[in-house]
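The values are calculated or read from the model by the stated rules, or taken from the named source; none is laboratory data. In this text the structure is predicted, and so the values were computed from the model without any measurement. Using ideal geometry, Cβ is built from the backbone for each residue, glycine included, and neighbour counts are taken over all protein chains shown.
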Amino acid sequence: MKQTALTKTHEALGAKMVPFAGYIMPVQYEGVTIEHDTVRNAVGVFDVSHMGEFLIEGPNALALIQSVSSNDASKLTIGKAQYSCLPNDTGGIVDDLIIYRIKEETYLLVVNASNIEKDWNWISSKNNVGATMRNLSDDYSLLAIQGPKAIEAMQSLTSEDLSAITFYNFVVGDFAGIDHVIISATGYTGSGGFEIYCKNSEVQHIWNKVLEAGAAFGIKPIGLAARDTLRLEMGYCLYGNDIDDTTSPIEAGLGWITKFTKDFTNAEALKAEKERGPERKLVGFELDDRGIPRHGYDIVDTNGNVIGNVTSGTMAPSLGKGIGLGYVPPIFANAGSKINIQIRKKAVPATVVKLPFYKG
């Protein structure tokens, strides 16, 4: 198992450590609900240093990114970030990622931990334009400082005006006494905040300063379990659950990051799918009765016929009810549609709802 630069710190804090994407990671500290509520109502800090970072540079950097990604990266100006995905040749998704434009000809791609090698090999195989690629994944750390009090709690650590960094924008500036840190108004929780990219040698110092500055605002370290409940309440896709090599961005509800104004891998097939309509759609649902939907459970119609499966599910701490995502035929995909989730021997009624589940 790989470790992040903060593994020993998490252990000292009493975190429950579990294997995740080849790393040993903190899944929880005090408990999922406490940590979830901390992020929704105050501010929490996650160590997500297992994520991968690729630097793509040179005069043809944009050409390479445009050819492998679904979104239109030509819209990025310096200081802006963009959510996108890497389509494969067969209609599925290699990974979802965030693309940052750092300089005129320098882009940072942030990918999922479990896909670092796969993504690197995929992008490399498409690099016939001579773009310079560097895999920085083992050298950089990433902290997610999330919650409505994040700006107020962290402002003392930087000369940058945090309130001026709008969603999906970033600055490269000073943070906790360290220069050239990426401060990005991104995250996976739906409660605002920042993601901080720094070198491994700097992250312990930054972590300590973040907890110190946030103490008056009730900051707590947060594990991956609460990260999952937070993202699910927002209806955000998790690679390996809701999207993978067999799911298309069109059926996954990611048409908004799939721009046919340019050519990219498998664009023609995806455009045709969009025009005719996908055969299934990823939907959000809430249970009408008690129960917790889990990944892999069958979704059935009123006659007990299997019509799909749950890709992500949990008891939503902010809502106090069972929620989930899953693929169903389009006829069941409209908000208000009635479906059932097969939980052991019981078909529990559920209603398809418009995402996000959590409205803030």
Across (1) outside the structural domain of residue 87 (by TED's automatic domain parsing); (2) assigned to a helix (DSSP H, G or I); (3) not acidic (Asp, Glu), residue 189 clears everything bar (2)
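Any chance segment 331-338 includes a residue that's buried (at least 18 other Cβ atoms within 10 Å of the Cβ) and aromatic (Phe, Trp, Tyr)? Give the derivation first.
Applying the first criterion (buried (at least 18 other Cβ atoms within 10 Å of the Cβ)) to segment 331-338 yields 332-333.
Still in the list and also aromatic (Phe, Trp, Tyr): 332.
Yes: one or more hits.
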*asked:* Please determine whether any residue of segment 279-286 is in a strand (DSSP E or B), of a type in the set (Gly, Ala, Ser) and touching a residue at least 24 places away in the same chain (Cβ under 8 Å).
replied: yes
| task | State whether the residues of segment 230-240 include one that is over 30 Å from residue 154 (Cβ atoms) and out of contact with any Lys or Arg (no Cβ under 7 Å at 6 or more places or on another chain). | result | yes
The residue that is surrounded by the most Cβ atoms within 10 Å (Cβ to Cβ), considering only those in segment 152-166 that are in contact (Cβ under 8 Å) with a residue 24 or more places away in the chain and in contact with a strand residue (DSSP E or B) (Cβ under 9 Å, 6 or more places away or on another chain), is 154
Note on segment 144-185: residues within 30 Å of residue 34 (Cα to Cα) and either in the same structural domain as residue 80 (by TED's automatic domain parsing) or part of a strand (DSSP E or B) (or both) are 144, 145, 146, 169, 170, 175, 181, 182, 183, 184
Condition check for residue 291: surrounded by 17 or more Cβ atoms within 10 Å (Cβ to Cβ), at pLDDT 95 or above and not β-branched (Val, Ile, Thr):
yes
Filtering segment 192-242 for residues that are closer than 26 Å to residue 164 by Cα and either not hydroxyl-bearing (Ser, Thr, Tyr) or not in a strand (DSSP E or B) (or both) leaves a count of 32
From the option list 332, 357, single residue qualifying as closer than 25 Å to residue 37 by Cβ, at pLDDT 95 or above and either in the same structural domain as residue 36 (by TED's automatic domain parsing) or not aliphatic (A, V, I, L, M) (or both) is 357
If we keep only residues of segment 120-135 that are part of a loop (DSSP other than H, G, I, E, B) and either of a type in the set (Val, Ile, Thr) or in contact (Cβ under 8 Å) with a residue 12 or more places away in the chain (or both), then the residue surrounded by the fewest Cβ atoms within 10 Å (Cβ to Cβ) is 130
Given the conditions (1) in contact with an Asp or Glu (Cβ under 9 Å, 6 or more places away or on another chain); (2) more than 26 Å from residue 224 (Cβ to Cβ), every one holds for residue 317 apart from (2)
Residue set 314, 246, 261; condition part of a strand (DSSP E or B) and in contact (Cβ under 8 Å) with a residue 24 or more places away in the chain; output residue 314
